[in-house]
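The values are calculated or read from the model by the stated rules, or taken from the named source; none is laboratory data. Everything quoted here is computed from the prediction, not taken from an experiment. We place every Cβ from the backbone using ideal geometry, glycine too, and count neighbours over all the protein chains shown.
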Amino acid sequence: MFTLAIKSFRNRKFTTTLTIVAISLSVTLLLGVERIRKEARTSFTNTISGTDLIVGARSGPVQLLLYSVFHIGNATNNISWESYQEIARNPSINWTIPISLGDSHQGYRVMGTNSDYFKFLRFAGRRRLEMANGRIFEGVFDAVLGAEVAEALGYRIDDSIIIAHGAGKVSFIKHDDKPFKVVGILKKTGTPVDQTVHVRLEGIEAIHIDWKNGAPIPGQSISSDRVLTMDLSPKTVTAFLIGLKSRIKAFGVQRYVNKYPREPLLAILPGVALQELWDLIGVAEKALLAVSAFVVVVGLSGMLIALMTSLGERRREMAILRSVGARPLHVFSLILGESAMLTMAGVIAGVAMLYGLLFSCRSLILSKFGFFIAIRGLSTYELILTGVVCLAGFLIGIIPGYQIYRYSLADGMTIRI
């Protein structure tokens, strides 16, 4: 029966090829949506590994998570430096990482922080940040680039960069009187760190020393040499990350921050806020998965249509098989086997197409969307999806198989005029 099925496919090359292509494309879409959904969640989760609390101005938990960790959106307000220092002295807190956002460089976010960022920040299961080249910042106008920033813009150690005011991709106001020097380039992490320009908090203060209310003070310009002699202690920060001595203290410290009397602040548990984010986008994920499932149904329906339309042409073929001793069950099994073989060929081609697209497009996805897609084998859930598609293709073959089963030998050999 296998040999007969192969010969039958050869006689219907064009139809067979179109059927396999339709199934493979639908399988690629189904598995691709699932893979990207899973990898996006993994990438987001890896970004905040090891951080117990995130503190920012009072807003929403998801908003705070997005702008402080993933650099999406903007803060509603800043935190005073005095409040940050007082909270950081809480005996339950082991370390803090202050961050200051609001500026950019050619579309990439500029983040002000301190050396604790490189010491305590963890990602992907408590992995530490490592330098690919150079060192961490020491001077006021030193800059450390994420891997993608350096690669995309072609920067090397000792190159100068100009920071622009605002977080947009296009800015008409630049701090070109106070350039920064690249002193380090981080290794790739697959997180938003790769798309960030890191400078010292004092550097952020320095470029705004002659600014007021988000604009340069008319007639006042302080040179980069002179600014180094001035007090550059930060006045505000956008948010800060907290690592606790014991996670048991998380809710106590969170309550302390949320009831902080000097200014309205919000402390969130990253895992809880991330789950809220998944709940928000869960509807869209289910919708995409449903669309992919319908595409698979369309692909399998195309196979059913191809098999059903070929039955009229193959009635004589089946009748000849019956006349040389093939039983009705053999003929039924032949059609069922063809359906199963077409589905399996489409699934295999779809999986191969998926990995081909992943290999060729993961760099583009990383640069455009900020998350890294790991190349790994099919997960249990993906294997279940492919198994369901194969089973559905096999079951669909029952319909034309049963139709052939009903044809009689005399009906097949009769010449119709």
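Residue by residue, here is whether (1) in a strand (DSSP E or B); (2) closer than 27 Å to D231 by Cβ holds:
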residue: A75; (1), (2): no, yes
residue: E82; (1), (2): no, yes
residue: I87; (1), (2): no, yes
residue: N94; (1), (2): yes, no
residue: I97; (1), (2): yes, yes
residue: G112; (1), (2): yes, yes
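Cβ-Cβ distances below 8 Å connect the following pairs, each with a first residue in the stretch 329-350 that is in the same structural domain as T386 (by TED's automatic domain parsing), a second residue that is among the charged types (D, E, K, R), and a separation of six or more residues or different chains: V331/R322. Against the definition (in the same structural domain as A345 (by TED's automatic domain parsing), in contact with a Gly (Cβ under 7 Å, 6 or more places away or on another chain) and modelled with pLDDT under 80), how does M318 come out, yes or no? Yes, satisfied.
Need the failing condition index for V149 against (1) buried (at least 21 other Cβ atoms within 10 Å of the Cβ); (2) modelled with pLDDT of 95 or more, just the number. Result: V149 passes all but (2). Applying the selection to the stretch 258-272, what residues are assigned to a loop (DSSP other than H, G, I, E, B) and more than 15 Å from D52 (Cβ to Cβ)? Listed by number, the residues that qualify are K259, Y260, P261, R262, E263, P264.
Of the set (1) within 29 Å of S49 (Cβ to Cβ); (2) touching a helix residue (DSSP H, G or I) at 6+ places or on another chain (Cβ under 7 Å); (3) modelled with pLDDT of 90 or more, all apply to F141 but (1).
Per this entry, G112 is counted among residues that are of a type in the set (G, A, S), surrounded by 15 or more Cβ atoms within 10 Å (Cβ to Cβ) and touching a helix residue (DSSP H, G or I) at 6+ places or on another chain (Cβ under 8 Å).
The selection criterion, being of a type in the set (A, V, I, L, M, F, W, C) and either surrounded by fewer than 19 Cβ atoms within 10 Å (Cβ to Cβ) or more than 28 Å from D225 (Cβ to Cβ) (or both), does not hold for A164. Put simply, of T76, T19, T15, T51 the only residue that is under 20 Å from L121 (Cα atoms) and either in contact with a strand residue (DSSP E or B) (Cβ under 6 Å, 6 or more places away or on another chain) or outside the structural domain of K119 (by TED's automatic domain parsing) (or both) is T51.
Scanning the stretch 196-213 for residues that are outside any helix (DSSP H, G or I) and either under 33 Å from the mean Cα position of the chain (by Cα) or at pLDDT 95 or above (or both) yields T196, V197, H198, V199, R200.
Considering the stretch 223-253, and only residues there that are free of Cβ contacts under 8 Å to residues at least 40 places away in the same chain and not in a helix (DSSP H, G or I), the residue that is surrounded by the most Cβ atoms within 10 Å (Cβ to Cβ) turns out to be M230.
Within the option set T15, T19, being crowded, with 22+ Cβ neighbours inside 10 Å and closer than 30 Å to I335 by Cβ holds for one residue only, T19. Has the stretch 278-291 got at least one residue that is within 30 Å of I335 (Cα to Cα) and either under 28 Å from the mean Cα position of the chain (by Cα) or not β-branched (V, I, T) (or both)? Yes, there is a match, as at least one residue in the stretch 278-291 is within 30 Å of I335 (Cα to Cα) and either under 28 Å from the mean Cα position of the chain (by Cα) or not β-branched (V, I, T) (or both).
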